[in-house]
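Trainee: Okay, handing you the structure first.
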Amino acid sequence: MSTKYIFVVGGVMSGIGKGVATSSIGKILQSRGWKVSAMKIDPYINVDAGTMNPIEHGEVFVTEDGLECDQDIGNYERFFGVPMHRVNYMTTGAVYQTVINKERNLQYGGKCVEVVPHIPEEIIRRIKTAARHDKADILMVEIGGTVGEYQNMLFLEAARMMHLRTPHDVLFVMVSYLPVPEKIGEMKTKPTQYAVRTLNSAGIQPDLIIARGETPIDKPRKQKISVFCNLSDQDIISAPDITTIYEVPLNFEKDKLGDRIQDKLKLKRRKKDLHDWGKLIRSIKRSRKQVRIGIVGKYFATGNFSLTDSYISVLEALKHASWAERHIPELVWLNAELYEKNRKILKNLQDFDGIVVPGGFGKRGSEGKINVIEYCRKERIPILGLCYGMQLMVVEFARHIAKMKNAHSIESDSKTPYPVIDVMAEQKSNIKEKHLGGTMRLGSYSCKVIKGTVAEKAYQKTMVQERHRHRYEVNNKHIDRLQRKGLVVSGINPERKLVEIIEITDHPFFLGTQFHPEFTSLPLQPHPIFLAFLKSIIKKRRNAS
Ligand code: GLN
C-alpha cells in the first residue's frame, strides 16, 4: 500500500485547536489499526522552537532524540501514545538551512538554486522521510498558521505538488472557525468561505472541513458551506468546544469521520476501537471531587491576556494524574513576581492542595519562586519542582537549611558565594561563543533511581529514561554539605553523575526533577512522578478531614 498523507491547514484564525484536530484524526485512524504518524510544519525562520518566545509561541516540547519543537508534537505523542522524533518537525529555517548547505556543498551540481522548486522539493523530501522513518500507513501533516499567510505559501505549494503527483494518496483538511457574534446570535459561515477561496487560489480544494465553534454546526450552515465551498455536507464535521481535548476523537466519530477518510483514501474500511478513550471520558465526567493546584510561573502574560500554552505539557500531565485518581484538577496560575515583592500573600498558598514550580530561565521571578518553595516546605504543602523548579528547590534548601547564605544558581547570580547550581562544564564554551540554539542538554538520558526513596516508590523501578532541556546542573562540589543536612538525592545520571531527582524526608511531598516528566505523561498512562504527587495531595487531604 502506498503511504497516505493528510494535510491539515487552518482557516480564519489560529489557536482554535488545529493540533488537537490533527491528533484526533490520527487517533481515530490509529484506532482502526492503521499505522499513523504526524508531522508539524512551523513557518518560522527559527531553525527549531528552542529559540522562540514561549509567550508568543507556547511551550517548547522536547523529543526523545533531543529536538526542541512545537507543542503540537506533544499532542501527537499524547494522542498516539508513541514517541515523535526530529523527522516529525520542520521549520522554514530548517528547510532553508538544508537547501543552502546543499548549495554550498555543490550538491545541486552547479545549477541555479531557486525558491521554487528547490524549497518545496526539500519540504516534500522531509515529509517523505518522516513517513518512511515512522513506517506510516498514514502521515498527518499539520501546516502551522492559517491559509493566506505569506509565510506558509511554500508549504502549501509542496502539498499541492504532492497531490498533483498522487491525487489518491493526498487529502486536505481545513480546520476553520465559525463565530457566533453575540449581537447577531447566529453562526456565521462567511469567514470560512473566504478561507476556502484563499486555499483554492493556492490550487488546493479541501476534502473535509472541521467546523470549530462554540456550539455544534447545524444543518443549514453545513449546507451553506457545502454549496459555497464545493464539498458534500457530509464532509463538514462538527467540532464544538468540549471540556477535554481527549473527547475530540469521539466527537469526530459522531460525524463518521473515520469512515469518510478511509473511503476517500480508498482504504479498506476497518472498524474503530476507542473503547479505552470512551472509558476515560466517562470516568472524567463522573468525577466530582476536586484538587486545587497552583502553578508558579512567569510565561503567561501578553498585553491584557493570559496565555497558558507555555506550560501545556505540565497542565496535561496534572490532568492525567488527577483523572487517574478520580479527581478534577483546578489549575490556577500564580505569578512568581508577585511573591517576590509581597511576602504577605504567601499565606494564600494555604488555599492550594499542591504547588508546581515548572521549568524556566533567568533571574526574573526566581526569588518569588524561592519564597513559594520555602513556604511550602515549612507549611508542608506538597510541592513538585520541574527543571528550574528543582534547581530553585536546591537553592532554597541550601540557603535556609544548609545555611549557605545567598546561595543561588549561577544563571541568576553569577557572583553567588555558593553556586549550588552551576553551568555544566561543556556548556561554558557554548555560552561564551554564543552557540545557543539547540545546544542545551536535550532529550532522553537515563536516571538511576535510588532505592527506598519517594522517587523509587513512584517509579517502582531503579532505572528510567527521562527527557531533558537544561544548561545548568546541581553542583557536585556542594552536594555533600546539602546531603549531610538532609537533602536526598534520589535520582542520578549514571554516566555523568548528574543529580536528576532531589527530595526531602518528613514532608508530604517535596520533590524536584532535573528532567521534564511532563513530556512523557499520557492520558491513559500518567507519569509516575505526577501520580505520586497527586496521591500525596489526596492522602494529605484525607488525613486532614
Ligand atoms: N534555566 C535552567 C537551565 O538551563 C532550567 C531550564 C528549564 O527549566 N528547562 O538549566
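Trainee: Determine the sum of side-chain charges near TYR375: Lys and Arg each +1, Asp and Glu each -1, restricted to other residues whose C-beta is under 12 angstrom from that of TYR375.
Mentor: Working: positive: ARG343, LYS344, LYS347, LYS369, ARG377, LYS378, ARG380; negative: GLU374, GLU379, GLU396.
Taking every other residue near TYR375 into account, the sum is +4.
Trainee: Right, something else. Pull out the extension gain between GLU103 and ARG541, defined as 0.36 nm times the separation in residues minus the alpha carbon to alpha carbon distance; nm, one decimal.
Mentor: Full-extension gain reported as 151.3 nm.
Trainee: May I ask for the net charge around TYR96, where only other residues with Cβ less than 15 Å from the Cβ of TYR96 are counted and Lys, Arg are +1 while Asp, Glu are -1? Walk me through the numbers before you get to the answer.
Mentor: Numbers: positive: LYS102, ARG104, ARG125, ARG126; negative: ASP42, ASP48, GLU103, GLU114, GLU121, GLU122, GLU157.
Summing Lys/Arg as +1 and Asp/Glu as -1 gives -3.
Trainee: Quick check for me: using +1 on Lys/Arg Cβ and -1 on Asp/Glu Cβ, what's the dipole size of region 220-365 about its Cα centre, in debye to the nearest 20? Before the final figure, lay out the partial values.
Mentor: Working: 29 positive and 18 negative charges, 58 e Å.
Dipole of region 220-365, to the nearest 20 debye: 280 debye.
Trainee: Still on this model: Starting from the residue with the highest accessible area, list HIS85, HIS435, HIS408, HIS400 in decreasing order, probe 1.4 Å. Intermediate values should be presented prior to the final figure.
Mentor: On the way: HIS85 35, HIS435 100, HIS408 5, HIS400 60 Å².
The residues order as HIS435, HIS400, HIS85, HIS408, largest area first.
Trainee: Using the Cα centre of region 312-433 as origin and beta-carbon charges of +1 (Lys, Arg) and -1 (Asp, Glu), tell me which of ALA402, GLN350, ASN335 is placed farthest towards the positive end of the dipole.
Mentor: ALA402
Trainee: Using a 1.4 Å probe on the protein heavy atoms, what percent of the accessible area of region 384-519 belongs to carbon and sulfur?
Mentor: Numbers: 2930 of 5790 Å².
Accessible surface attributable to carbon and sulfur in region 384-519 totals 51 percent.
Trainee: Please report the net charge: other residues with Cβ closer than 11 Å to the Cβ of ASN430, K and R +1, D and E -1. Show your work: numbers first, answer last.
Mentor: Working: positive: LYS428, LYS432, LYS434, ARG441, ARG471; negative: GLU426, GLU433.
Net charge around ASN430: +3.
Trainee: Past 18 Å, Cα to Cα: identify those pairs from LYS18/LYS183; LYS448/LYS539; LYS457/LYS539; LYS319/LYS347; LYS135/LYS264, in the order given. Display every interim value, and only then the final one.
Mentor: On the way: LYS18/LYS183 27 Å; LYS448/LYS539 27 Å; LYS457/LYS539 15 Å; LYS319/LYS347 25 Å; LYS135/LYS264 21 Å.
Checking Cα-Cα distances, LYS18/LYS183; LYS448/LYS539; LYS319/LYS347; LYS135/LYS264 exceed 18 Å.
Trainee: Still on this structure, I have one more. For a quick check of understanding: with a 1.4 angstrom probe and all protein chains in place, what accessible area in square angstrom does TYR44 have, to the nearest ten?
Mentor: It works out to around 80 Å².
Trainee: Right, next: If you keep only loop residues by DSSP, which GluC sites (Glu not before Pro) in region 95-132 have at most 10 other Cβ atoms within 10 Å of their Cβ? Please report the intermediate quantities before stating the final value.
Mentor: On the way: sites: GLU103, GLU114, GLU121, GLU122; in loops: GLU114.
Loop-located and lightly packed - GLU114.
Trainee: I've got another one for you. Suppose every K and R has +1 on its Cβ and every D and E has -1 on its Cβ; what is the size of the dipole of the chain about the Cα centre, in Debye to the nearest 20?
Mentor: Values: 83 positive and 61 negative charges, 278 e Å.
With only Lys, Arg, Asp and Glu charged at Cβ, the dipole is about 1340 debye.
Trainee: Tell me the trypsin sites (Lys or Arg not before Pro) within region 125-182 that lie in a loop according to DSSP and have at most 11 other beta-carbon atoms within 10 Å.
Mentor: Passing both the DSSP loop test and the Cβ count: LYS135.
Trainee: Positive end of the charge dipole of the chain (Lys, Arg +1 and Asp, Glu -1 on Cβ, about the Cα centre): tell me which of HIS163, TYR246, GLY203 has its Cα farthest that way.
Mentor: Working it through, the farthest residue towards the positive pole turns out to be TYR246.
Trainee: Right, something else. Where does the chain land at 222 nm, in deg cm²/dmol rounded to the nearest 500, when only DSSP H runs of n ≥ 4 count, each adding -39500 (n - 2.57), divided by all residues? Can you show the working numbers first?
Mentor: Numbers: 19 runs with 201 residues, N = 545.
Theoretical 222 nm ellipticity from helices: -11000 deg cm²/dmol.
Trainee: Right, another one. Could you sort MET463, MET424 by their accessible area in this structure, using a 1.4 Å probe and putting the largest first?
Mentor: On the way: MET463 95, MET424 0 Å².
Per-residue accessible area, sorted high to low, gives MET463, MET424.
Trainee: LEU436 versus GLN151, label points 7 Å from Cα toward the beta carbon: distance in nm?
Mentor: It works out to 2.0 nm between the two label points.
Trainee: So for the chain, taking the charge dipole from beta-carbon charges (+1 Lys/Arg, -1 Asp/Glu), which of VAL47, GLY297, HIS435 sits furthest toward the positive end?
Mentor: The one lying farthest along the dipole's positive direction is GLY297.
Trainee: If TYR418, TYR177 are ordered by their accessible area, calculated over protein heavy atoms with a 1.4 Å probe, which sequence runs from highest to lowest? Write out the running numbers ahead of the final one.
Mentor: Details: TYR418 60, TYR177 40 Å².
Listed by decreasing accessible area, they come as TYR418, TYR177.
Trainee: A follow-up question, please. Give the separation of the Cα centroids, region 155-172 to region 501-527, in Å.
Mentor: Each part's Cα centre sits 43 Å from the other's.
Trainee: Rounded to the nearest 20 Debye, what is the dipole magnitude of region 425-470 about its Cα centre when Lys and Arg each give +1 and Asp and Glu each give -1 at the C-beta? Could you put the intermediate results ahead of the total?
Mentor: On the way: 10 positive and 4 negative charges, 12 e Å.
For region 425-470, the charge dipole is close to 60 debye.
Trainee: Give the accessible surface of the chain per residue, rounded to a whole number of Å², with probe radius 1.4 Å and ligands, DNA and RNA excluded. Kindly include the intermediate steps, with their values, before the conclusion.
Mentor: On the way: 23830 Å² over 545 residues.
Using a 1.4 Å probe on heavy atoms only, each residue of the chain averages 44 Å².
Trainee: For ASN476 and LYS289, FRET efficiency with R0 = 41 Å and r from the beta-carbon atoms, rounded to 0.05?
Mentor: 0.45
Trainee: For region 247-289 and region 456-491, what is the separation of their C-alpha centers, rounded to whole Å?
Mentor: With region 247-289 and region 456-491 each reduced to a Cα centre, they are spaced 41 Å.
The values are calculated or read from the model by the stated rules, or taken from the named source; none is laboratory data. These numbers were taken from a predicted model, which means no experiment stands behind them. Heads up, the Cβs are rebuilt from the backbone with ideal geometry, glycines too, and the neighbour counts pull from every protein chain shown. Areas reflect the complete protein model, heavy atoms only, side chains present, ligands, DNA and RNA absent. Shrake-Rupley method; radii C 1.70, N 1.55, O 1.52, S 1.80 Å.
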